[in-house]
Structures are given as structure tokens and as C-alpha cells.
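Read the structure below first, then the notes.
The values are calculated or read from the model by the stated rules, or taken from the named source; none is laboratory data. Computed from a prediction, not measured in an experiment: that's the story for all the values here. A quick note on method: Cβ atoms are made from the backbone with ideal geometry, for glycine too, and the neighbour counts reach across all protein chains shown. Ligands, DNA and RNA are stripped out before the accessible areas are found, and what is left, the full protein with its side chains, is counted by its heavy atoms. Shrake-Rupley method; radii C 1.70, N 1.55, O 1.52, S 1.80 Å.
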Amino acid sequence: TPWKLEKIDSYNNKYYIRNPYYWKIDTEGNQLPYIDRVFIKRVENIELKNMLVVNGEVDVSGIWQRLVDYPLFKSNEEKGNYNAMLWPDYRGILDHAFGFNLTHEDPILRKIFNDLRFRKAMSLAINRREMNEALFLGLGKPRQATVPPLCSFYEKWQEEYYTQYDPKEANRLLDSMGLIWDKERKYRLRPDGQVLAITLEGIERLMPGLEMVKKYWEAVGIKVALKEQTGSLLTVRKQANKVDVGIWAFETGPDYVLRKTGMGVLLPPF
């Protein structure tokens with residue numbers, strides 16, 4: 001890679017130096033990279049990161065940037081001496097792709113999650129257009145977690161599959177599974193009589209979207225708890241088969257090539 005890790009300090013900031021053996025050159029034969037040193041500063045939360053950006057203390061800040069913060073960045077361009085830019089993200093889904101744990105340790109949840117009717121119902125219960133307006137300034141394209149149009153095997157039906165907001169049909173599918181309501185008609189019950197409850201675990205950036213999904217899913221009777229985790233802990237829990245639902249961007253298709261050549265990420269797919 002262009003740079004190699006030199007050290008990590010006590011604050012977990014990372015220092016990289018130019019790799020003299022990097023294999024790329026530019027069109028005039030100059031050895032890449034041009035930049036000799038890279039410093040990656042670790043910050044505790046998004047608000048602190050945003051403050052560093054608007055104060056002009058960051059050279060590059062495009063990784064996992066929230067689109068709802070774009071007006072803030074745009075209005076402070078002159079103050080911070082930077083340019084705030086938008087460009088398409090060609091992943092299948094930018095942030096909120098959900099994968100229910102089909103190998104769950106709880107045999108009852110495993111059976112429920114493996115029932116296609118349940119997964120269809122959870123998809124129909126999500127109001128993607130409302131999420132697009134609230135989280136992405138209406139600039140995204142509500143779609144299913146699948147390959148983007150740039151892929152050779154893309155077909156239009158894939159991105160539209162069970163994406164309409166239809167809580168009535170969602171409830172019908174859950175009823176057909178025998179997931180009856182409790183006496184107060186607040187939550188549905190599992191076959192063993194317990195409340196059907198799941199936990200959504202996500203990193204800080206995802207929490208506003210997960211709060212909206214919690215509202216949608218509880219409206220059709222699924223009790224949802226939210227749990228904010230660090231990315232490293234969430235990865236460990238996923239690998240240990242401890243999560244109810246895997247949540248991350250749907251990174252597939254040509255985006256891998258685009259990211260490896262330095263194209264940034266800001267927007268949901270167009």
C-alpha cells in the first residue's frame with residue numbers, strides 16, 4: 001500500500017510514512033505516493049469530528065460522513081478553508097442494510113428469522129422514503145440491499161423487491177406465521193409465549209436510522225432494543241454469532257474498484 005504504519009500513540013492516533021517500495025507511478029513516471037506522511041487522528045464522537053472539520057483542522061474527512069451534516073460543512077467552507085463536495089456512492093446500500101442471523105443460538109428466533117415471510121414483513125414495515133428525507137436530505141434512492149445498476153447482472157426488480165411501505169401487508173405476513181399479539185396488542189408473541197424481542201446493535205453513526213427502524217418494527221409488533229457499540233466490539237460479536245441482526249452498508253458491486261482508486265463516499269446510491 002502507499003504508506004506503512006510507523007507508530008500508534010497512547011491516544012490511538014496513527015502515524016504512517018511513505019512506502020518507498022509502493023508499486024505505482026504516475027503518467028510521467030514519478031513514484032507514488034506524493035505525500036510523505038499521513039496522520040490519522042482518532043476522535044471520540046461525530047460532533048467532535050465535525051468541529052475539527054469546520055475549524056479547518058482536517059485535510060480529508062469523507063469517510064462515513066453523515067449527509068445530514070452537509071449543510072453545516074457547506075456553510076463553513078470559507079471559515080475552515082475547505083471544499084464540501086457531494087458525489088454518488090455506488091454500493092448497494094449506504095448504511096442500513098439488515099441481515100437477520102439465520103444461525104441464531106436461540107432455536108425459536110432462528111426458525112423465525114429463516115422464515116422468508118418474516119424477512120419480507122420487516123422490509124415492508126420500513127418507510128424508506130421517510131428515512132431518506134430524515135437522514136439523507138431526500139437525495140438518496142430508497143432501494144433494496146442488492147447490487148447497484150452498474151453491475152452487469154443488475155435487474156430492476158432486485159432493487160424494488162418488497163421495498164414499498166406497506167405495514168398492512170407486513171402484519172398479514174406475520175399473522176400467517178402464527179405470531180399472535182399479546183393481550184394489550186402491543187407486541188407479538190413467539191411460539192413459546194414470550195414477547196418477540198430483538199436487539200439492534202450499531203455504531204454511533206447508525207443510531208439515528210436504527211431509532212427510526214425501531215419505530216417501524218414496533219408498529220407491527222416486534223419489540224426492539226437499541227444498543228450502541230464500538231465497531232471493533234460489534235465485529236467480534238458478529239463473528240461470535242451473538243447478534244440478532246447484522247447491520248452495515250451493503251458493500252458489493254463496482255464500489256470495491258472505485259474505493260481502491262480513491263473515490264470517496266458520501267451519498268446513498270443514485
I'm trying to understand the selection: among the residues of segment 66-110, which are under 30 Å from R190 (Cα atoms) and in contact (Cβ under 8 Å) with a residue 40 or more places away in the chain? D95, H96, A97, F98, G99, F100, N101, T103, H104, E105, I108, L109
Give me the pairs: first residue in segment 233-256 and at pLDDT below 90, second residue aliphatic (A, V, I, L, M) and part of a strand (DSSP E or B), beta-carbon distance under 6 Å, and six or more apart or on different chains, which are they? A249/L94; F250/I93; F250/A97
Scan segment 117-140 and report the pairs whose first residue is polar (S, T, N, Q) and whose second residue is assigned to a helix (DSSP H, G or I) and buried (at least 16 other Cβ atoms within 10 Å of the Cβ), with Cβ atoms within less than 7 Å and a gap of 6+ or a chain change. N127/Y216
Which of the residues spanning segment 5-20 are open to solvent by less than 70 Å² (accessible area, probe 1.4 Å), of a type outside the set (D, E), part of a loop (DSSP other than H, G, I, E, B) and farther than 13 Å from Y34 by Cα? N12, N13
